[in-house]
Amino acid sequence: MTSRRKIFVGNWKMNKTPQEAQAFCETFVPAVNGLNNVDVGLAASALLLPGLTTRFRGVQWFAQNCHWAASGAFTGEVSTSMLKATDVGGSLVAHSERRQMCGETNASAGQRVAALLGAGLQAILCVGETLAERDAGRWQDVLRTQLSEGFAATGIKHWSAALGSDPSRPLLTLAYEPVWAIGTGRAATSAQAQEAHAFIRSWLKESLGSDIAHRLRIQYGGSVTLQNVDELMGMPDIDGALVGGASLKADDFAQLVARGARIA
Ligand code: PGA
């Protein structure tokens, strides 16, 4: 087993009204509060976050996107200072839906990561190949490009300092999310996921050194459910999950996280 603390984050995407979000939290937050060996977070719409973060402090709150500029003419974006003022702890970066539908690139992903880490906030950087790329045997090339271009665009040289002062919670987390597994009900097998996570960790080792590679957490995302969480979390390089559909019901997601915590 590794010394990395597992991190489970629900990605609500564009779901839930403020009332629905509150009802979810009233059940979910007390249910996971006793789990002190894992990190538990929720990534909610920016519109929901102000009504939730101070009221429900038992989980970590994430935005789904965050811009690199401090402020300015960036319609539709949110800044790190807005997140900090709202007690939000971090943000997802470059989820595949934003890569595919909103033109997110590896370069802009890196800039967003740098802004978050620079502000002392957490970033969950998402990477992953499409089905066509996997079928063409190109998944390693795709991951390598996403990682090398993304990390280069951060401009960060001293990763140890950039990851913050809490060794068990480095500010950067990676999420391996194969696009073909997201919302399809067809999760990667634990062997496929482990192979990709090990590939990412070996890239991190070559590029940033073994200490950083060992510290950074790599979540798996893509059709994680109560049925497959045990097997996925039992893999040595899988350090938690980023969960979409199965994070929308409070009882179910609390059970999923509790399962994961047992394996942590
Ligand atoms: P899913 O989504 O769990 O519904 O497949 C995962 C994600 O997009 O983060």
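Are there any pairs with C-beta distances below 6 angstrom linking a residue in region 233-252 that is more than 27 Å from ALA213 (Cβ to Cβ) and among the small types (Gly, Ala, Ser) to a residue that is more than 14 Å from the ligand (Cβ to nearest atom) and at pLDDT 95 or above, with the two at least 6 apart or on different chains, and if so which?
ALA250/PHE24; ALA250/THR27; ALA250/PHE28
Considering only region 215-230, how many residues are part of a loop (DSSP other than H, G, I, E, B), more than 8 Å from the ligand (Cβ to nearest atom) and hydrophobic (A, V, I, L, M, F, W, C)?
Looking only at that region, the number is 2.
Given region 121-210, what helices (runs of 4 or more DSSP H) lie entirely inside it while holding 3 or more residues that are within 16 Å of the ligand (Cβ to nearest atom)? Talk me through it step by step, then tell me what you get.
Working: elements: 131-135, 139-154, 159-162, 190-208.
Once the helices (runs of 4 or more DSSP H) in region 121-210 are filtered for at least 3 residues that are within 16 Å of the ligand (Cβ to nearest atom), what remains is 190-208.
Tell me the residue from SER45, SER91 that is in contact with a Cys (Cβ under 8 Å, 6 or more places away or on another chain) and at pLDDT 95 or above, please.
Numbers: SER45 fails: in contact with a Cys (Cβ under 8 Å, 6 or more places away or on another chain).
SER91 is the lone residue from the list that is in contact with a Cys (Cβ under 8 Å, 6 or more places away or on another chain) and at pLDDT 95 or above.
Those residues that are in contact with a Pro (Cβ under 9 Å, 6 or more places away or on another chain), at pLDDT 95 or above and among the aliphatic types (A, V, I, L, M), I need them from region 185-210; list them, please.
ALA193, ALA196, ALA198
Condition (residue is closer than 22 Å to ALA109 by Cβ, at pLDDT 95 or above, surrounded by fewer than 19 Cβ atoms within 10 Å (Cβ to Cβ) and more than 16 Å from the ligand (Cβ to nearest atom)) applied to region 26-41: is it met by at least one residue?
Our first condition is that a residue be closer than 22 Å to ALA109 by Cβ; within region 26-41, this holds for 39, 41.
This time we only want the ones that are at pLDDT 95 or above, so: 39, 41.
Next, from what is left, pick out any that are surrounded by fewer than 19 Cβ atoms within 10 Å (Cβ to Cβ): none.
So far as region 26-41 goes, no, none of its residues is closer than 22 Å to ALA109 by Cβ, at pLDDT 95 or above, surrounded by fewer than 19 Cβ atoms within 10 Å (Cβ to Cβ) and more than 16 Å from the ligand (Cβ to nearest atom).
Please specify each residue of region 73-100 satisfying the condition of being within 12 Å of the ligand (Cβ to nearest atom) and part of a helix (DSSP H, G or I).
Selection gives SER96, GLU97, ARG98, ARG99, GLN100.
Take the residues of region 240-250 that are surrounded by fewer than 24 Cβ atoms within 10 Å (Cβ to Cβ) and more than 8 Å from the ligand (Cβ to nearest atom): which is farthest from ASN15 (Cα to Cα)?
First, the residues of region 240-250 that are surrounded by fewer than 24 Cβ atoms within 10 Å (Cβ to Cβ): 244-246, 248-250.
Right, trim to more than 8 Å from the ligand (Cβ to nearest atom) and you get 248-250.
On the way: LEU248: 8, LYS249: 11, ALA250: 13 Å.
This residue is ALA250.
Check off (1) assigned to a helix (DSSP H, G or I); (2) in contact with a Cys (Cβ under 8 Å, 6 or more places away or on another chain); (3) within 20 Å of ILE7 (Cα to Cα); (4) of a type in the set (A, V, I, L, M, F, W, C) for ALA115 and give me the number that stays unchecked.
Here ALA115 meets the rest and fails (3).
Could you check region 173-202 and list, in sequence order, the residues that are under 18 Å from LEU226 (Cα atoms) and touching a Cys at 6+ places or on another chain (Cβ under 6 Å)?
GLU177
The values are calculated or read from the model by the stated rules, or taken from the named source; none is laboratory data. Here the structure is a predicted model, which means the values were calculated and not measured. Every residue, glycine as well, gets a Cβ built from its backbone with ideal geometry; the counts of neighbours run over all protein chains shown.
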